[in-house]
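Let me begin by presenting the structure, written as structure tokens, before commenting on it.
Values in this text are rule-based calculations from the coordinates and carry no lab data. All figures in this text were calculated on a predicted structure; none of them were measured in a lab. All Cβ positions, glycine included, derive from the backbone under ideal geometry; neighbour counts span all protein chains shown.
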Amino acid sequence: MTHTAPILKIALPGPFRQTFDYLINDLEPDYPIGARVQVSFGRKTLIGIVCARVGKSSLKREQLKAIQKLLDHKPILTPDIFKLCNWASDYYHHPLGEVFAAALPTLLRQGEAPELRQTRFWKLTASGLLQEAKTLSSARRQQALLLLLQANPAGLSEDTLREHEITRQTIHTLANKQWINSFETTCLPTPASRAEEKPLTLNLEQQQVLSAITESLGTFKPFLLEGITGSGKTEVYLQAIALCLQQGLRALVLIPEISLTPQTVDRFKQRFNNATAVLHSGMNDRERLEAWIMAKNGEADIIIGTRSAIFTPIPNLGLIIIDEEHDASFKQQDGFRYSARDLAIVRAQAAACPVVLGTATPSLTTLFNADRRRYHHLALTQRAGHALPPSYHLIDLRRQKLQHGLSEPLLHEIQQALIRGHQVLLFINRRGYAPLLLCHVCGWTGRCEHCDANLTLHQAPTYLICHHCGHTERVPAHCASCQNPHLVAVGIATERLEQALKEYFPDNDVIRIDRDSTRRKGSLDNLLQKIHQGKSQILIGTQMLAKGHHFPRVSLVGILDTDSGLFSSDFSASERLGQLITQVAGRAGRGSIKGNVYIQTYHPDHPLLQALIHYGYPTFARQILEERLVAQLPPFNCLALFRAESPTLEQGMEILEKIKQAGLPLTDNAVQILGPIPAPMQKRAKNYRYQLLCRAAHRPQLQQWLSKLLPLLQHVKPSKQVKWSLDVDPIDMF
Ligand code: ADP
Ligand code: ZN
Ligand code: ZN
């Protein structure tokens, strides 16, 4: 009796707030929940996820289409990940199909099988092993290949060889000489087991923290590990992971986007012979899929990744670590706007395992949760080894003459540090040469035609670039408005600072680390290595250089421009400023030399700056918490932000007004709707941007209101012209 054949509810990728019903193909015995299916949808063929099997549909059977193809006989979304996605879809009010899509590697989303591909590897033959590289000095490419394979006796894949610019022809030449041969394998060859690095002897604080964490293995327990910079948090993670692995459990480590350098991963690989899977956005789709498969099959014991790795299936997950939990990169800022840190708590609860949020500068939300005893608060208050915390000094800029953004006292201190053979680190969170090009005659400035923003001047190559939309212009030869040929670069950014320091200190090597200098694959790694080897003495960087790195030779940190963070309109700006200063400062004096931090400011008496440098981040953070309480801002209440953008002035505003009108009758006096108002940067990339802020004292109130409101917004459809989005728990108002 075909009419009783079950119906499957399928989540499809797209802006759909419902699942779709399909009939099953009788030939397939089983459609597991969480498996991928191929279906026809309108005129398109889509890949969706099986969400449920039901007996009835609200549509007539004749109207239902049959599923075209089942792609997985085992669920691709394991039950725990399936549940996590459902939770996230409910909480962030984001379409389930889109959440599933975000949780899967791209190739799986496109329908590929979750199998490791056969890859061709090359290795040295017995006669190849006997060759000496120097005999090939007249054949550089062959020599390079020989050296590479000598360094990697287990063999290297053709992809890897290509990354090292080895051509097919070179491979064939050595193959013809029978020095190398190829083999095919499905798995990445595991590196030859290295001598394991020994764990360090923990100090008392570290021991206490470690045992608190490991005693809770097997049960859900969230921890805030607040450890000052250089206190040895990573050592605690490593030893906690070791115990977790000993119990046959696996560990997931999430780290911020910019901390995921080969050095970080090496710290784990040097300690463990266990297979480690690494997942981040710099990998290609194939690499990501392979790491994902290793994790899902239980072939990796440690999974290290950025934000989206929170969705990696891991059998027997025993421990989750979020390093630098305050970092903004854990929050996805477009499309499916989730917080990987918050999802980690949900995931740990479901997996019944401990989750450690580690940082020197806890986010106010996490601190609040720890103060309310929702999280267990652990602390490391001493630097590990013999290093001492750095001392802070404010440089009052008010009566100073600046040279390229540098004050006399700072230049003097830099010189002193260099004379002593130390490294210095100068921090300015702005890349390019100068943030503004100005005509002194008429006041004309270089503005982006698509954004409410100045164009940044870049040198080498010389361009004006908008940092908000990427718009690029040639540098005009004269002022566009009065033809004055002498345009002035105003303000400083990394390139200008680099140039100035090279002039002041011609005998020292200067390194600049920002997004521009590290664009090529491997370049960040090369620069970091130069720093570690002591080849450069002056390091200039944006926040890329601020986080996580351990540079034992740095004794002086100079923070050039803090004031913009003190007076920003964004509610999270002062929190971020305190975190950034503390993190940058934490690069100073991590070895045996004492660290000093110099902060240049026009507002040396600012109470927040005073609190930060005299009493440290915890006092500073509690001071801002008080401000947040007064202003009724998170974590004291909950926010949801609707954003809209449109190419005309009115449409974005109109759509938010409609959302407001739909929402007002539902508030029950529990939800406040503020706005709509223009976004702080009203025009960006040709669009006008608006926002509607919604807040409630308690999370359930806000959630219930959103659950009632969103179905009503089906008719407030985004169009090609107008887009709107919802951000639950926004971390800024930008
Ligand atoms: P954090 O992550 O807290 O900033 P790290 O884990 O990077 O700190 O540790 C800072 C330095 O201290 C590292 O060089 C690390 O090897 C060292 N260290 C950590 N724990 C100990 C210890 N118990 N004894 C000696 N050195 C340690
Ligand atoms: Zn722009
Ligand atoms: Zn002019």
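Computed quantities for the displayed model
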quantity	calculated
Wholly within the range 413-462, strands (runs of 3 or more DSSP E) carrying at least 1 residues that are farther than 19 Å from GLY558 by Cα	436-439, 456-458
Residue under evaluation ILE321, criteria (1) on the phi < 0 side of the Ramachandran plot; (2) surrounded by fewer than 24 Cβ atoms within 10 Å (Cβ to Cβ), criterion not met	(2)
Near pairs, Cβ below 8 angstrom, 6+ apart or cross-chain, from the range 427-453 (more than 28 Å from MET544 (Cα to Cα)) to any residue that is hydrophobic (A, V, I, L, M, F, W, C) and away from ligand 3 (no atom under 16 Å from the Cβ)	none
Condition met for PRO256 (closer than 30 Å to GLU98 by Cβ, in contact with a His (Cβ under 8 Å, 6 or more places away or on another chain) and crowded, with 19+ Cβ neighbours inside 10 Å)	no
Yes/no for SER89 being under 30 Å from the mean Cα position of the chain (by Cα) and among the small types (Gly, Ala, Ser)	yes
Test: residue in the range 107-120 that is within 30 Å of GLY155 (Cβ to Cβ), part of a strand (DSSP E or B) and in contact with a helix residue (DSSP H, G or I) (Cβ under 8 Å, 6 or more places away or on another chain)	yes
Members of the range 458-471 found to be away from ligand 3 (no atom under 16 Å from the Cβ) and not hydroxyl-bearing (Ser, Thr, Tyr), listed by number	HIS458, GLN459, ALA460, PRO461, ILE465, CYS466, HIS467, HIS468, CYS469, GLY470, HIS471
Single match in LEU77, LEU46 (criterion: closer than 30 Å to ARG699 by Cα and touching a helix residue (DSSP H, G or I) at 6+ places or on another chain (Cβ under 9 Å))	LEU77
Odd one out for ASN454, checked against (1) among the polar types (S, T, N, Q); (2) touching a Gly at 6+ places or on another chain (Cβ under 9 Å); (3) exposed (fewer than 14 other Cβ atoms within 10 Å of the Cβ)	(3)
Unique match (being away from ligand 1 (no atom under 16 Å from the Cβ), among the hydrophobic types (A, V, I, L, M, F, W, C) and surrounded by 21 or more Cβ atoms within 10 Å (Cβ to Cβ)) among LEU438, LEU497	LEU497
Residue ID - surrounded by the most Cβ atoms within 10 Å (Cβ to Cβ), chosen from residues in the range 387-412 that are of a type in the set (A, V, I, L, M) and not in a loop (DSSP other than H, G, I, E, B)	LEU410
Cβ pairs under 6 Å, 6+ apart, first in the range 463-474 and assigned to a strand (DSSP E or B), second of a type in the set (S, T, N, Q) and more than 8 Å from ligand 2 (Cβ to nearest atom)	TYR463/THR472; ILE465/THR456; ILE465/THR472
Qualifying position, being more than 30 Å from GLN623 (Cβ to Cβ) and in contact (Cβ under 8 Å) with a residue 12 or more places away in the chain, among ASP561, ASP525	ASP525
Flag if GLN118 is loosely packed, with under 13 Cβ neighbours inside 10 Å and touching an Asp or Glu at 6+ places or on another chain (Cβ under 6 Å)	yes
Selection from the range 289-308 of residues that are outside any loop (DSSP other than H, G, I, E, B), hydrophobic (A, V, I, L, M, F, W, C) and within 13 Å of THR276 (Cα to Cα)	ALA291, TRP292, ILE293, MET294, ALA295, ILE302, ILE303, ILE304
Test for ARG474: is it within 16 Å of ligand 3 (Cβ to nearest atom), farther than 30 Å from THR234 by Cα and of a type in the set (Lys, Arg)	no
Search result, residues across the range 255-288 that are β-branched (Val, Ile, Thr) and outside any loop (DSSP other than H, G, I, E, B)	ILE258, THR264, VAL265, THR276, VAL278
The one condition in (1) under 35 Å from the mean Cα position of the chain (by Cα); (2) exposed (fewer than 14 other Cβ atoms within 10 Å of the Cβ) that THR135 fails to fulfil	(1)
Conditions (1) crowded, with 16+ Cβ neighbours inside 10 Å; (2) away from ligand 2 (no atom under 16 Å from the Cβ); (3) not charged (D, E, K, R): number failed by VAL490	(1)
Residue count, the range 237-262 (criterion: within 11 Å of ligand 1 (Cβ to nearest atom) and farther than 18 Å from LEU317 by Cα)	1
Hey, GLY34 on the phi > 0 side of the Ramachandran plot and in contact with a helix residue (DSSP H, G or I) (Cβ under 6 Å, 6 or more places away or on another chain) or not	yes
Exclusive hit being within 16 Å of ligand 3 (Cβ to nearest atom), farther than 22 Å from GLN583 by Cβ and touching a helix residue (DSSP H, G or I) at 6+ places or on another chain (Cβ under 8 Å), set ALA480, ALA489	ALA489
Elements of type helices (runs of 4 or more DSSP H) contained in the range 617-730, each with 1 or more residues being in contact with a helix residue (DSSP H, G or I) (Cβ under 9 Å, 6 or more places away or on another chain) and more than 19 Å from SER363 (Cα to Cα)	649-663, 699-712
Residue check for ILE419: away from ligand 1 (no atom under 16 Å from the Cβ) and free of Cβ contacts under 8 Å to residues at least 40 places away in the same chain	yes
Residue in the range 501-508 that is within 16 Å of ligand 3 (Cβ to nearest atom) and either in a loop (DSSP other than H, G, I, E, B) or of a type outside the set (Lys, Arg) (or both) present	no
The listed residue being small (Gly, Ala, Ser) and under 30 Å from ARG420 (Cβ atoms), out of GLY586, GLY652, GLY675, GLY663	GLY586
Hits in the range 694-734 - residues which are buried (at least 20 other Cβ atoms within 10 Å of the Cβ) and within 26 Å of the chain's Cα centre (by Cα)	TRP724, LEU726, ASP727, VAL728, ASP729, PRO730, ILE731
First in the range 130-157 and in contact (Cβ under 8 Å) with a residue 24 or more places away in the chain, second anywhere and in a loop (DSSP other than H, G, I, E, B) and among the small types (Gly, Ala, Ser), Cβ under 7 Å, 6 or more apart	PRO153/ALA192; ALA154/ALA192
Any hit, the range 370-385, residues being on the phi < 0 side of the Ramachandran plot and part of a helix (DSSP H, G or I)	yes
Search result, residues across the range 39-64 that are surrounded by fewer than 16 Cβ atoms within 10 Å (Cβ to Cβ) and within 20 Å of PHE82 (Cβ to Cβ)	ALA52, ARG53, VAL54
